[in-house]
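In what follows, a structure is listed as structure tokens, so that the remarks can point back to it.
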Amino acid sequence: MQTEPTIFIIDDDPAVRQALTVLVRSMRLQAEAYASAQEFLDAFDVARPGCLLVDVRMPGISGLGLLEQFNREDILLPAIVMSAYGDVPMVVRAMKAGALNFLEKPCRDQQLWEAIQEALKWDKQHRQSLALRSKVRDRLQRLTSGEHDVLRLLIDGKSNKTIAAELNLSVRTIEVRRAKLMKKMKADSLAELIRLTLAANPLYGKPRPATQDLSIA
């Protein structure tokens, strides 16, 4: 799988596409150019890291339309929106659609460089967070039911002695289970154990809302 980030340039103006491609590559970054949002979507692979550099006004799916589609589909590729006709409503709509930045054409090279670096940093951190969350979920699945019982009560702030009393077990048994789940979760401290668990599942240990009983007596 490709790991180097790519700047995906989408603009219906061939001259602008060429100029932006040359500029981005002069920054020693990979660039791919597309004449329309649909052309980009036909080739897009969500697993590829990078960011969008997209024009607003294009035939077919507009730049903002593309971001709104990504928003609906929960695709979080960071986007830099560019337009020569930017106004307040357009900027607001772009930000609501998930744009990370909005630049007016023409923009300074340094301004574009800073916007791209910010987007790539965001994308890298987001992908690392998703990867960690997936790993922690796998670790949670390897816990026994008894270890889950201990983990839930630890997250509630209970001590080993209190957990032992609630589960009707010895403190030594709780200590053993706690040591095993710490090892399985690859956590070096209680604080890290709780942080990892809640990062993977913010609702871990919380009771599910009771379903309404609609049966007729």
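The values are calculated or read from the model by the stated rules, or taken from the named source; none is laboratory data. If you're wondering where the values come from, they're calculated on a predicted model, not measured in any experiment. Cβ coordinates were reconstructed from backbone atoms using ideal geometry, including for glycine residues, and neighbour counts include every protein chain displayed.
Table for the structure above
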quantity	calculated
Count of residues meeting criterion [touching a residue at least 60 places away in the same chain (Cβ under 8 Å) and either in a helix (DSSP H, G or I) or loosely packed, with under 11 Cβ neighbours inside 10 Å (or both)] in the range 160-206	4
Identity of the residue in the range 93-125, touching an Asp or Glu at 6+ places or on another chain (Cβ under 9 Å) and assigned to a helix (DSSP H, G or I), that ends up surrounded by the fewest Cβ atoms within 10 Å (Cβ to Cβ)	LYS96
Qualifying residue in the range 127-146 (condition: among the acidic types (Asp, Glu), at negative phi, surrounded by 12 or more Cβ atoms within 10 Å (Cβ to Cβ) and modelled with pLDDT of 90 or more)	no
Condition broken by ALA15, with the remaining ones in (1) under 21 Å from the mean Cα position of the chain (by Cα); (2) surrounded by fewer than 17 Cβ atoms within 10 Å (Cβ to Cβ) satisfied	(1)
Residue in the range 30-51 that is among the β-branched types (Val, Ile, Thr), modelled with pLDDT of 90 or more and assigned by TED's automatic domain parsing to the domain that holds TRP122 present	yes
PHE70 vs. criteria part of a helix (DSSP H, G or I) and either modelled with pLDDT under 95 or among the polar types (S, T, N, Q) (or both)	yes
